[in-house]
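S.K.: First the structure, then my questions, so here it is.
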Amino acid sequence: MSPTDGVSLTLGQLAKACGAELAGDADVLIDRVATLDGADKGAIAFLSNPKYRSRLTTTRASAVIVAPADASGTALPKLIAANPYATYACVATLLHPAPPPAPGVHPTAVVSASARLAPSAAVAAHAVIGERTLIGERTSIGPGTVIGDDCSVGADCLLHPRVVLYARTQIGARTIIHSGAVIGADGFGMAELSGRWLKVPQLGRTLIGADVEIGANTTIDRGAIGDTVIEDDVKLDNQIQIAHNCRIGAHTAIAGCVGVAGSTNIGRSCKIGGAAMIAGHLDLADGTVISAATALFDSIHSPGIYTGTFPALPHREWRHVASAMRRLRSIVERIRALERDGSKDKA
Amino acid sequence: MSPTDGVSLTLGQLAKACGAELAGDADVLIDRVATLDGADKGAIAFLSNPKYRSRLTTTRASAVIVAPADASGTALPKLIAANPYATYACVATLLHPAPPPAPGVHPTAVVSASARLAPSAAVAAHAVIGERTLIGERTSIGPGTVIGDDCSVGADCLLHPRVVLYARTQIGARTIIHSGAVIGADGFGMAELSGRWLKVPQLGRTLIGADVEIGANTTIDRGAIGDTVIEDDVKLDNQIQIAHNCRIGAHTAIAGCVGVAGSTNIGRSCKIGGAAMIAGHLDLADGTVISAATALFDSIHSPGIYTGTFPALPHREWRHVASAMRRLRSIVERIRALERDGSKDKA
Amino acid sequence: MSPTDGVSLTLGQLAKACGAELAGDADVLIDRVATLDGADKGAIAFLSNPKYRSRLTTTRASAVIVAPADASGTALPKLIAANPYATYACVATLLHPAPPPAPGVHPTAVVSASARLAPSAAVAAHAVIGERTLIGERTSIGPGTVIGDDCSVGADCLLHPRVVLYARTQIGARTIIHSGAVIGADGFGMAELSGRWLKVPQLGRTLIGADVEIGANTTIDRGAIGDTVIEDDVKLDNQIQIAHNCRIGAHTAIAGCVGVAGSTNIGRSCKIGGAAMIAGHLDLADGTVISAATALFDSIHSPGIYTGTFPALPHREWRHVASAMRRLRSIVERIRALERDGSKDKA
């Protein structure tokens, strides 16, 4: 089954709705997106990476989305846009709208008497909604999702199945949360006393902005005293861990498997690569880029790209490198000795 | 409570069922597996690692499983097999069969009217099954598991509690999925436009083969346009993240906490060590082995073992090594200078 | 909403209950905790890090918690304690007690007839409790939590929403388990046979001690033959993976995103930093400290701090370092050649 059960629009309608320049037949009917290679009649495809430009000549798409520089590469009806990928996102959203959830509360859902649900909200089977919690207009709460007491979820949100919001969590409008995400669990706070651990109550909240997307099985802890804050338009992939009292600035995107330790402030419009590890109590400047698999232990004051990964090598070579690394200190000393000897020879 | 509530079989029956050579009393009754050290009457133990060969002389097991080379190490009744661990797996499966789920739908499960369940399928409490979804013969759906619309789950599958399958996911026969796994969530796709993120609809599917096992809290995203594909007999441990449009070849095994970024193709019969990080858009040849905790940023065309981990050192030593590493470039320049001086001296 | 809906106590009552020295007005009423900066009338704040000592002079708190060395830094009513953070934990727990769950079984919960629940236990909506499972006094089972057959959960435990315990798991008293945690799933055990994988039945259990805390989406696998054991007062953060047959010693704390491979023994009172990766079949001495993001492949016999992280650098610098690293072997050879030349020159 291909994703073809969308709506049908003319290329002219798509151009207008997505603000792209139209070239060619405005009336060609488009009912789905596809890759250049996989497209056939009725499909629109896009070219973003010039590396694949030759595919423009072989695609069987009914229309294509291209950058101005690539427009001459095909005689097909087309949308011309400075950012073809963004135009593709617009077109794909129009052609494949998510089915709107049917408003109402499933009979198996358990909704507290004091919860306030907008009439257009949808609450699915086996969902649980706590005391005094507010659910906004057109928001959809998936099957098995559990929302604690005193939470607030904005309008037009989509909480997929089996999300958990602990008590007092706030979610802004149009935010999407994927299955298995846990928002507002206790931060990892304990005091050491006589060799034992004393739990430090985690009393803050988790405040999530508008237009945020949170991936599957991602966890964001509540604050210890203050709040953990995820600002507007932050995008979090799957299996990310955000510890207590962090603040993630607006428009920042974080790829899968990243961990951010407690009380770290990540600036606005940052990009954090997959499986990066950010230590606690750091500040990252707006626009910072951290490469995938990089461990970061210091604050970053000037934006730029920061990297720290050990290159993968054939195992035998790696053994030599790792062994030399362990001796780096003595290697430096040997060089110093050679330099001294050289100076002496010259003296 | 030890795992003793299995069935009782004679050593001869086990030899026949598992294709092993029998030596000694065929009629000794075996009702459970155990370690060499922990075994007593009724138990069968195995020796796989020659390091532990001396334990053959002290074990109180009723029978043992050994390789031909170790057969002379004990007078106990025994099964002799080229691969004792595989024979152990066979024997343990026979002695400790998983209890078959009782067919039928629990009254608290919510099954869409258009879903098609095999009569021998079992759907547990609070499970949710979407529209037009198919569930195969003898397949067991655990408590609280949520299966979206238009999914298909093959025969003899076992979905543990609290699994989520998003819409249009397909699962082959005899596949096991552990709790908290999320299959088919949206991939991490968005286009940057004027400093904001535009969501790119994720329209592909997740196709899981037969005989696959997926660990607890593992996530596998649906494809962006095409599909994410996990081929037959792939084994995924816990907390693995597989991004959109990946393909994992048959018989590949991936240990816990691994992340695989988007559009990467991992070949057949690969082995990926725990906490490895595989970047996006790579190709890994069949039979590639990636060591644990290794970050991989390049495709691999010749199979072999690839490693890239920083050796752990006492913290004080590590500080010296890390500091020297930061100066590696100048160290290389100093060596070059010394070499130049040496040549000059000789000239 | 700030966390102010606690109880009100006098400073004298707090001093007595938490074993701290009182200085100043014993009758000042305290009804919440706050940071030094965020506090106002009715709040108590603490100073733990001497770096922030100047805030003592500007805080508007009604009272503070300080170490003896800092007591002279403020004229406010105060609690003086050797470990102000531990005293803070005590005070915060008294001022902000967790609401006790209402005893009883929610009508939508599914409890097996043979399960034994203490009368004061609370079982929330859509929870599922298996055959012969025991739930202790005052223990709270959250919404959607699934507990398998033959489990045992001690007294005064708190299982948050959507936890899963597989069959035969045991949990000690006063243990807290956060949402999405999966305890007792099958370990990653399979035997290779003719290019295919044979599942090795995972027959052991997961035994969790008393006073343990397990973070959101953390996974702990059951043992293969023996058991996986988490001893008393172990603290596990979010998204940790503990593989089969591990043993984690009492009072050990592990930060988020750590993976521990199979059959590893971590000693008592160890501290493992976030995103560390511990290989299988290792032994870590009591009191070992592993730094964040460190991969450990060898046992540790003498306690101390162990580190192995690649320092993050501006990307351009990192490229030079990584390139030099790949040539480390030849660098060592060049130094050796220089040293030989030097000796020859002198000879």
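The values are calculated or read from the model by the stated rules, or taken from the named source; none is laboratory data. The model shown is predicted, which means the values in this text are computed figures rather than measured ones. Heads up, the Cβs are rebuilt from the backbone with ideal geometry, glycines too, and the neighbour counts pull from every protein chain shown.
S.K.: Does at least one position in the range A:191-199 carry a residue that is among the basic types (K, R), surrounded by 24 or more Cβ atoms within 10 Å (Cβ to Cβ) and either free of Cβ contacts under 8 Å to residues at least 40 places away in the same chain or assigned by TED's automatic domain parsing to the domain that holds A:C270 (or both)? Talk me through it step by step, then tell me what you get.
M.R.: Here is the first cut: in the range A:191-199, the residues among the basic types (K, R) are A:196, A:199.
Now restrict to residues that are surrounded by 24 or more Cβ atoms within 10 Å (Cβ to Cβ): none.
No, there is no match, as no residue in the range A:191-199 is among the basic types (K, R), surrounded by 24 or more Cβ atoms within 10 Å (Cβ to Cβ) and either free of Cβ contacts under 8 Å to residues at least 40 places away in the same chain or assigned by TED's automatic domain parsing to the domain that holds A:C270 (or both).
S.K.: Can you tell me which residues in the range A:172-190 are in contact (Cβ under 8 Å) with a residue 12 or more places away in the chain and within 30 Å of C:D211 (Cβ to Cβ)? Step through it out loud before you land on a result.
M.R.: Keep residues of the range A:172-190 that are in contact (Cβ under 8 Å) with a residue 12 or more places away in the chain, which gives A:172-189.
Of everything in the range A:172-190, those that are in contact (Cβ under 8 Å) with a residue 12 or more places away in the chain and within 30 Å of C:D211 (Cβ to Cβ) turn out to be A:G180, A:A181, A:V182, A:I183, A:G184, A:A185, A:D186, A:G187, A:F188, A:G189.
S.K.: Here's a follow-up. Say we look at the range B:243-264 and pick out the residues that are among the aliphatic types (A, V, I, L, M) and not in a loop (DSSP other than H, G, I, E, B); which of these is farthest from the other protein chains (Cβ to nearest Cβ)? Talk me through it step by step, then tell me what you get.
M.R.: Of the residues in the range B:243-264, the ones among the aliphatic types (A, V, I, L, M) are B:243, B:248, B:250, B:253-255, B:258, B:260-261.
Applying the additional criterion that residues be not in a loop (DSSP other than H, G, I, E, B) yields B:248, B:253-254, B:260.
Values: B:I248: 13, B:A253: 7, B:I254: 9, B:V260: 9 Å.
Among those that are among the aliphatic types (A, V, I, L, M) and not in a loop (DSSP other than H, G, I, E, B), it is B:I248.
S.K.: Can you say whether B:G249 is at pLDDT 95 or above and within 25 Å of C:I278 (Cα to Cα), as far as the supplied structure shows?
M.R.: Details: at pLDDT 95 or above: yes; within 25 Å of C:I278 (Cα to Cα): no.
Taking the combined requirement at face value, the residue does not satisfy it.
S.K.: So, A:R329, is that one loosely packed, with under 13 Cβ neighbours inside 10 Å, outside the structural domain of A:S291 (by TED's automatic domain parsing), basic (K, R) and out of contact with any Phe, Trp or Tyr (no Cβ under 9 Å at 6 or more places or on another chain) or not? Let's see the steps before the verdict.
M.R.: Details: loosely packed, with under 13 Cβ neighbours inside 10 Å: no; outside the structural domain of A:S291 (by TED's automatic domain parsing): yes; basic (K, R): yes; out of contact with any Phe, Trp or Tyr (no Cβ under 9 Å at 6 or more places or on another chain): yes.
No, not satisfied.
S.K.: Any idea which of (1) in a loop (DSSP other than H, G, I, E, B); (2) more than 10 Å from chain C (Cβ to nearest Cβ); (3) buried (at least 20 other Cβ atoms within 10 Å of the Cβ) is the one B:H126 doesn't satisfy?
M.R.: If we test B:H126 against (1) in a loop (DSSP other than H, G, I, E, B); (2) more than 10 Å from chain C (Cβ to nearest Cβ); (3) buried (at least 20 other Cβ atoms within 10 Å of the Cβ), just (2) comes out false.
S.K.: Looking only at the range C:179-237, count every residue that is over 18 Å from the mean Cα position of the chain (by Cα) and over 27 Å from A:V146 (Cα atoms) and tell me the total.
M.R.: Residues meeting the conditions: 24.
S.K.: Identify, from the list A:R132, A:R162, A:R174, A:R138, the residue that is part of a loop (DSSP other than H, G, I, E, B), touching a strand residue (DSSP E or B) at 6+ places or on another chain (Cβ under 7 Å) and charged (D, E, K, R). It would help to see each step written out before you state the result.
M.R.: Details: A:R132 fails: touching a strand residue (DSSP E or B) at 6+ places or on another chain (Cβ under 7 Å); A:R174 fails: touching a strand residue (DSSP E or B) at 6+ places or on another chain (Cβ under 7 Å); A:R138 fails: touching a strand residue (DSSP E or B) at 6+ places or on another chain (Cβ under 7 Å).
Unique residue meeting the criteria: A:R162.
S.K.: Here's a follow-up. For the range B:176-183, check the following and say yes or no: at least one residue is of a type in the set (A, V, I, L, M, F, W, C) and over 21 Å from C:A216 (Cα atoms).
M.R.: Pass one, the range B:176-183, residues of a type in the set (A, V, I, L, M, F, W, C): B:176-177, B:181-183.
Among the residues that remain, those that are also over 21 Å from C:A216 (Cα atoms) are: B:176.
Yes: one or more hits.
S.K.: Filter the range C:7-23 down to the residues that are surrounded by fewer than 18 Cβ atoms within 10 Å (Cβ to Cβ) and either of a type in the set (S, T, N, Q) or over 15 Å from C:Y88 (Cα atoms) (or both), then identify the one that is nearest to the other protein chains (Cβ to nearest Cβ).
M.R.: Checking each candidate, the answer is C:V7.
S.K.: Something else now. Give the residue that is nearest to C:L159 (Cα to Cα), with candidates limited to residues of the range C:56-79 that are under 28 Å from the mean Cα position of the chain (by Cα) and buried (at least 22 other Cβ atoms within 10 Å of the Cβ). Talk me through it step by step, then tell me what you get.
M.R.: Kept after step one, since they are under 28 Å from the mean Cα position of the chain (by Cα), are these residues of the range C:56-79: C:64-67, C:79.
Narrowing the set further to residues that are buried (at least 22 other Cβ atoms within 10 Å of the Cβ) leaves C:64-66, C:79.
Working: C:V64: 33, C:I65: 32, C:V66: 34, C:L79: 34 Å.
So, considering only residues that are under 28 Å from the mean Cα position of the chain (by Cα) and buried (at least 22 other Cβ atoms within 10 Å of the Cβ), the one nearest to C:L159 (Cα to Cα) is C:I65.
S.K.: Whether any residue in the range C:206-215 is more than 17 Å from C:L284 (Cα to Cα), free of Cβ contacts under 8 Å to residues at least 12 places away in the same chain and surrounded by fewer than 24 Cβ atoms within 10 Å (Cβ to Cβ) is what I want to check.
M.R.: No - not one qualifying residue is present in the range C:206-215.
S.K.: Right, another one. Name the single residue, out of those in the range B:265-289 being more than 7 Å from every other protein chain (Cβ to nearest Cβ) and out of contact with any Ser or Thr (no Cβ under 8 Å at 6 or more places or on another chain), that is nearest to B:M325 (Cα to Cα). First the steps, then the outcome.
M.R.: Our first condition is that a residue be more than 7 Å from every other protein chain (Cβ to nearest Cβ); within the range B:265-289, this holds for B:265-268, B:270-273, B:276, B:278, B:280-289.
With out of contact with any Ser or Thr (no Cβ under 8 Å at 6 or more places or on another chain) added as a condition, the list becomes B:265, B:288-289.
Values: B:N265: 33, B:T288: 29, B:V289: 27 Å.
Going through the qualifying residues, I end up with B:V289.
S.K.: Out of B:A82, B:A98, report the one residue that is surrounded by fewer than 21 Cβ atoms within 10 Å (Cβ to Cβ), modelled with pLDDT of 95 or more, assigned to a loop (DSSP other than H, G, I, E, B) and within 14 Å of chain C (Cβ to nearest Cβ).
M.R.: Numbers: B:A98 fails: modelled with pLDDT of 95 or more.
Matching residue, one of B:A82, B:A98: B:A82.
S.K.: Filter the range B:138-157 for residues that are among the aliphatic types (A, V, I, L, M) and crowded, with 21+ Cβ neighbours inside 10 Å; which is farthest from the other protein chains (Cβ to nearest Cβ)? Reasoning before the result, please.
M.R.: Looking only at the range B:138-157, we keep the residues that are among the aliphatic types (A, V, I, L, M), and these are B:141, B:146-147, B:153, B:155.
In the following step, the residues that additionally are crowded, with 21+ Cβ neighbours inside 10 Å were identified as B:141, B:146-147, B:153.
Numbers: B:I141: 12, B:V146: 4, B:I147: 9, B:V153: 15 Å.
So, considering only residues that are among the aliphatic types (A, V, I, L, M) and crowded, with 21+ Cβ neighbours inside 10 Å, the one farthest from the other protein chains (Cβ to nearest Cβ) is B:V153.
S.K.: Kindly indicate whether any position in the range C:104-122 is closer than 19 Å to A:A185 by Cα, assigned to a loop (DSSP other than H, G, I, E, B) and facing chain A (nearest Cβ under 10 Å). Give the steps one after another, and end with the answer.
M.R.: Initial filter on the range C:104-122 (closer than 19 Å to A:A185 by Cα): none.
Checked against the condition, which is being closer than 19 Å to A:A185 by Cα, assigned to a loop (DSSP other than H, G, I, E, B) and facing chain A (nearest Cβ under 10 Å), the range C:104-122 yields no hits at all.
S.K.: Residues to consider are A:L36, A:L56; find the one that is part of a helix (DSSP H, G or I) and of a type in the set (A, V, I, L, M).
M.R.: Details: A:L36 fails: part of a helix (DSSP H, G or I).
That would be A:L56, the only listed residue that is part of a helix (DSSP H, G or I) and of a type in the set (A, V, I, L, M).
S.K.: Right, here's the next one. Assess whether B:T307 counts as being within 26 Å of C:P314 (Cα to Cα), modelled with pLDDT of 95 or more and within 11 Å of chain C (Cβ to nearest Cβ).
M.R.: yes
S.K.: Moving on to the next point. Name the single residue, out of those in the range A:101-114 being of a type in the set (G, A, S) and surrounded by fewer than 18 Cβ atoms within 10 Å (Cβ to Cβ), that is nearest to A:A20 (Cα to Cα). First the steps, then the outcome.
M.R.: Residues of the range A:101-114 that are of a type in the set (G, A, S), as a first pass: A:102, A:104, A:109, A:112-114.
Of the ones still in play, those that are also surrounded by fewer than 18 Cβ atoms within 10 Å (Cβ to Cβ) are A:102, A:104, A:112-114.
Numbers: A:A102: 33, A:G104: 38, A:S112: 48, A:A113: 49, A:S114: 48 Å.
Restricting to residues being of a type in the set (G, A, S) and surrounded by fewer than 18 Cβ atoms within 10 Å (Cβ to Cβ), the top hit is A:A102.
Results for (1) assigned to a loop (DSSP other than H, G, I, E, B); (2) facing chain B (nearest Cβ under 8 Å), shown as yes or no for each residue.
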residue	(1), (2)
C:G180	yes, yes
C:Q202	yes, no
C:L207	no, no
C:A210	yes, no
C:A216	yes, no
C:I220	no, no
C:G226	yes, yes
C:V229	no, no
